[in-house]
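**Student:** Just dropping this structure here.
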Amino acid sequence: LSDIKPQKVVLLLGARRVGKTVLMERLIREYGDGVVFLNGEDYTTAEMLSARTISSYKQLFQGVKLLAIDEAQNIPHIGNILKLIVDHIEGLSVIVSGSSSFDLYNMAGEPLVGRSNHYMLYPFSLKEFSQEESGVETMQLLEERLIYGMYPELIHISDFDKKKQYLLEVVNSYLLKDVLMIDGIKNSSKMRDLLRLVAFQMGSEVSYDELARQLGLSRNTVEKYLDLLSKIYVIYKLPAFSKNKRKEVTKSSKWYFTDNGIRNAIINDFRVVSMREDVGLLWESFLIGERMKKRNNANEFASFYFWRSYSMQEIDLIEEFNGTISAFEFK
């Protein structure tokens, strides 16, 4: 609540189903009176805001203390709209959320320079769970979370088959649908095949040329698809770190999923830990994700890399924060 201030916009970003709407509703309840809530997926919201004139916005929001817009990426020109509103409606604070389908931060970021704070929401972290359960419970549930991930709604699902169904629905009904809407992409089978290849190569250095050959696509198309998948926070890139470009690999990248449950849903593999060949990769992905969540939830900006020399020495994770470099090896 401390960042909700007049003439400022708070951007809540993150993948579908990670809890942005729930957080927004909680902030609205705690804020009190004088709140207007709009849903960006409702056509009338976009129509209402489409005039883009100061007079129309004053008529709509004069006297309002807090304007909250959910799924704001669905509203054309949302960045310029928000700029007009916060610049000319005195005393008004704004919160907007975006499922990142169309990269709300890029849409709104430039017009709102100096007027906004943005926050990334990930699936739950172990630290967040530890605040609500004992250390014994956390340890008992660790292998389950390694397989099914930590999406918030899974807390309320105890049956493993229903957890699987939920994750498959998230992938098929939300994540893939979102990315196919971006730039008018129509080839859903190629996108799904790419995700499967990345899932099986998770933690390994990825060759864009090899992916392109396997998929029958151009290298540029593969890179574009990976970029779009990262913009909806399904996957993220871990680039190579280097201080000595003659001795260290610099051009390669590794790709990881932001949640193991989503990765396992992509390949439809929810076997228990004792039956898997990819346990080491799941732990690696899980622990890198926990480190990223730790920095993100503390509102600390850090950069993350992997490191490998041409003589095949390797470090799983390099973290660069405030001029300090830390190295992590996961065993």
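**Student:** Which of ASP178, ASP159 has the fewest other C-beta atoms within 10 Å, and how do the rest follow up to the most?
**Tutor:** So the residues, fewest neighbours to most, are ASP159, ASP178.
**Student:** In deg cm²/dmol, rounded to 500, what helix-only [θ] at 222 nm does the chain give when every DSSP H run of at least 4 residues adds -39500 (n - 2.57) and the total is split over its residues?
**Tutor:** So the helix-based figure for the chain works out to -12500 deg cm²/dmol.
**Student:** Follow-up. Sort 5-17, 67-79, 50-62 by the packing proxy (mean of other Cβ within 10 Å over each peptide's residues), most packed first.
**Tutor:** 67-79, 5-17, 50-62
**Student:** In nm, what is the difference between 0.36 nm times the number of residues separating VAL64 and SER253 and their Cα-Cα distance?
**Tutor:** Separation in residues times 0.36 nm, less the Cα-Cα distance, equals 63.3 nm.
**Student:** Quick check for me: using +1 on Lys/Arg Cβ and -1 on Asp/Glu Cβ, what's the dipole size of the chain about its Cα centre, in debye to the nearest 20?
**Tutor:** So the magnitude is around 840 debye.
**Student:** Students often get this wrong, so check it: of LYS5/LYS58; LYS164/LYS231; LYS251/LYS293; LYS127/LYS162, which have C-alpha atoms separated by over 20 Å?
**Tutor:** Too far apart for the 20 Å limit: LYS164/LYS231; LYS251/LYS293; LYS127/LYS162.
**Student:** I've got another one for you. Just grab the label-to-label distance for TYR236 and ARG196, each label 7 Å out from Cα along the Cβ direction, in nm (one decimal).
**Tutor:** Calculated label separation equals 2.7 nm.
**Student:** A further question follows. 5 Å is the cut-off here: which amide hydrogens, built 1.01 Å from N in the peptide plane, fall below it relative to ASN117, excluding neighbours closer than 5 in sequence?
**Tutor:** For ASN117, the qualifying residues are VAL9, VAL10, LEU11.
**Student:** Which value, in debye to the nearest 20, describes the size of the charge dipole of the range 132-328 about its Cα centre when Lys and Arg Cβ atoms bear +1, Asp and Glu Cβ atoms bear -1, and nothing else is charged?
**Tutor:** Once rounded to the nearest 20, the dipole reads 880 debye.
**Student:** Of all beta bridges DSSP finds with both residues in the chain, what is the antiparallel percent, to the nearest 5?
**Tutor:** Looking only at bridges with both residues in the chain, the antiparallel portion is about 45 percent.
**Student:** Kindly state, to the nearest 0.05, the FRET efficiency for SER326 paired with ASP209, given R0 = 45 Å and r defined as their beta-carbon distance.
**Tutor:** 0.90
**Student:** Rounded to the nearest 5, what % of DSSP beta bridges with both residues in the range 132-328 are antiparallel?
**Tutor:** 95
**Student:** If you add up the charges near ILE28, with Lys and Arg at +1 and Asp and Glu at -1, over every other residue whose beta carbon is less than 12 angstrom from its beta carbon, what do you get?
**Tutor:** Summing Lys and Arg as +1 and Asp and Glu as -1 gives -1.
**Student:** So, in nm, how far is label SER50 from label SER218 when the simple model puts each one 7 Å beyond its Cα toward the Cβ?
**Tutor:** If labels sit at SER50 and SER218, their model points lie 3.4 nm apart.
**Student:** Could you give the length gained on full extension between VAL272 and GLU41, defined as 0.36 nm per residue of separation minus the Cα-Cα distance, in nm?
**Tutor:** Computed gain between VAL272 and GLU41 is 79.3 nm.
Laboratory data are not the source of any read-out in this text; all were calculated from the coordinates shown. Here the structure is a predicted model, which is why all the values come from computation and not from measurement. Quick reminder, even Gly has a Cβ in these numbers, built from the backbone with ideal geometry, and neighbours come from all protein chains shown.
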